[in-house]
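Q: I'd like to ask you about the structure that follows.
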Amino acid sequence: MFHNRRVDVPGALSETEMKLDKHRPTHTIEREFGGTLGATCIPVFLPLTVLYLLCVCRSPGASLLQWPPPLPPTAQLWHPLAPTLLLGWLALQTFLYLLPVGKVAEGMVLRDGSRLKYPINGFHSFCVTAVLMALALWMGMPLGYLFELLLPLAVCTVGVSFLLSLYLYIRSFWAPNNALSLGGNTGNPLYDFFMGRELNPRIGSFDLKYFCELRPGLMGWVVINLAMLMKEVELRGSPSLAMLLVNGFQMLYVVDALWNEEAVLTTMDIVHDGFGFMLAFGDLAWVPFTYSLQANFLVVHPQSLSAAGAAAIIALNGVGYYIFRRSNSQKNQFRRDPTHPSVAGLETIATATGKRLLVSGWWGLVRHPNYLGDLLMATAWSLPCGVTHLVPYFYVIYFTVLLIHREARDERQCRAKYGLAWDTYCRRVPYRIIPYVY
Ligand code: NDP
């Protein structure tokens, strides 16, 4: 065990990593997400799940355990305003992304030794969007009408995700070999379409994956939540405490992600995964339409909440947020500059790649403290919806499955990267997400 006294070039690939990289196979052999079968079924199953959840959520019984209701008539799935709003939203966010404000950060070192530059202006985009929304509301824009438009909007967004994924798949054949992701390059079209072949597809300096990761979908989620709040005001005269909590918690999560936008550059999505259907659909359609289920549910199924109950839920969200933010910032700081005073005193172990692993601080508590904090927050987002229905808990259930699966994927990748050092880390920090439990 060593203390972290070495001076590393942040994010640099070690000589060993460079050498290993030269010998990497052109085609990946390993398959995730159930291989070709999974990659074929998921793009059919998940869009239907989005529509199913939206329909169930606003049905009188809101029961996930009933036989699925019949698909709504086409008139409810299509509205000419939906594509106009969606394309307008994407155009606005693209325009804000391209504005030369905020700093420019470098991503992690790529396989060819280069680093890409990324604009860190997501928070600026959010602020401009908020001002525009406030102006539009002040001028009488009926935001609550989005409640009626949600199904057609979801249908259009799913369509855009498919078109984008197709474009990404086709253009990846013009990308050089070392620009391909190691996970989505099997040669099987269905699997590669799903996983994404190209790691960082760009049109000029416009990075498609980075743009989709935190902007249109995440900010779209906040707008949908706000629209549900406005609908509640239309129906009942004022927003409920439960609706205010759900809006407040989830907005904090989104604002935090945008404020700490640079941290996304060290996450699995950006560093490891190619940009294909999995991320395009996840970022653009899944996040805004399923993460807003609680607010959507509350419009049709109002809940009363006592002051003590609300205080307990706020405390739970606060604890979750604290763990989530501190652990993510600690790892991000360590990866960017291990000599920074906030992380320089932490205990670390060396790995053969030249990179080191934290074994004290948050990352000495469990191997994924950030997932623990995220799960506590997810629970706090559902509790304002009461305990009589399962549908507002869909996010917690799905997210638990996602994070357990994600942890296993990350574990496999880290074992492949760090070998014996990873085993040593696992012995030192035996629990994955919940101390003494899992
Ligand atoms: P992490 O940010 O947890 O990154 C995992 C990587 O961190 C590993 O691959 C490894 O990469 C590095 N690492 C792991 N252990 C250590 C250690 N002990 N010391 C130093 N580095 C270590 O992964 P995610 O991208 O999965 O998560 C980021 C955040 O996003 C989390 O808070 C998660 O909860 C959240 N999230 C939210 C989602 C949502 O839908 N709400 C979906 C997915 C994630 P390396 O060594 O190469 O640097």
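The values are calculated or read from the model by the stated rules, or taken from the named source; none is laboratory data. These numbers were taken from a predicted model, which means no experiment stands behind them. With ideal geometry, Cβ positions are generated from the backbone for all residues, glycine too; neighbour counts draw on all protein chains shown. Note: areas computed on protein heavy atoms with side chains; ligands, DNA, RNA excluded. Shrake-Rupley method; radii C 1.70, N 1.55, O 1.52, S 1.80 Å.
Q: How large is the convex hull of the C-alpha atoms of the range 135-225 per residue, in Å³? Show your work: numbers first, answer last.
A: Values: hull volume 11.2 nm³, N = 91.
Spread over its residues, the Cα hull of the range 135-225 gives 123 Å³ apiece.
Q: Taking the Cα centre of the range 305-438 as origin, sum charge times position over the Cβ atoms of Lys and Arg (+1) and Asp and Glu (-1), and report the length of that vector in debye to the nearest 20.
A: The dipole of the range 305-438 has a size of about 440 debye.
Q: Work through the residues other than Arg58 whose Cβ is under 14 Å from its Cβ and net out their charges, Lys, Arg +1 and Asp, Glu -1. Spell out each step's value before the answer.
A: Values: positive: Lys231; negative: Glu148, Glu232.
Summing Lys/Arg as +1 and Asp/Glu as -1 gives -1.
Q: Remind me, what semi-axes does the range 1-303 give for its equivalent ellipsoid, largest first in whole Å, using sqrt of 5 times each Cα gyration tensor eigenvalue?
A: On the way: eigenvalues 267, 114, 62 Å².
Ellipsoid half-lengths, sorted descending, are 37, 24, 18 Å.
Q: For the chain, please report how many Lys pairs fall under 28 Å Cα to Cα, leaving out neighbours fewer than 8 apart on the same chain.
A: Counting lysine pairs in the chain gives 24.
Q: Quick check on the chain: helices-only [θ] at 222 nm, where DSSP H runs of length 4 and up contribute -39,500 (n - 2.57) each and the sum goes over total residues. Nearest 500, please. If you can, show how the numbers build up before the last one.
A: Working: 19 runs with 253 residues, N = 438.
Calculated mean residue ellipticity at 222 nm is -18500 deg cm²/dmol.
Q: Let me ask you something else. How would Cys57, Cys41 rank on accessible area, largest to smallest, probe 1.4 Å? Display every interim value, and only then the final one.
A: Values: Cys57 0, Cys41 65 Å².
Final ranking, largest accessible area leading: Cys41, Cys57.
Q: Quick one: compute the contact order of the chain, relative version, from alpha carbon pairs under 8 angstrom and 6+ residues apart, as a percent. Spell out each step's value before the answer.
A: On the way: 605 pairs, mean separation 94.4, N = 438.
Result for the chain is 22 percent.
Q: Sticking with this structure for a sec: For the range 305-438, what are Rg and Dmax over the alpha carbons, in angstrom?
A: 17.0, 55
Q: Mean shadow of the range 237-348, computed from the convex hull of its alpha carbons, in nm²?
A: Values: hull surface 39.3 nm².
Averaged projected hull area, Cα only: 9.8 nm².
Q: Subtracting the Cα-Cα distance from 0.36 nm times the residue separation, let me have the gained length for Leu149 to Ala91 in nm, one decimal.
A: Working: separation 58, 0.36 × 58 = 20.88 nm, distance 1.93 nm.
Separation in residues times 0.36 nm, less the Cα-Cα distance, equals 19.0 nm.
Q: Could you state how much accessible area Ile170 has, in square angstrom rounded to the nearest 10, with a 1.4 Å probe and all protein chains kept in place?
A: Around 90 Å² of this residue is reachable by solvent.
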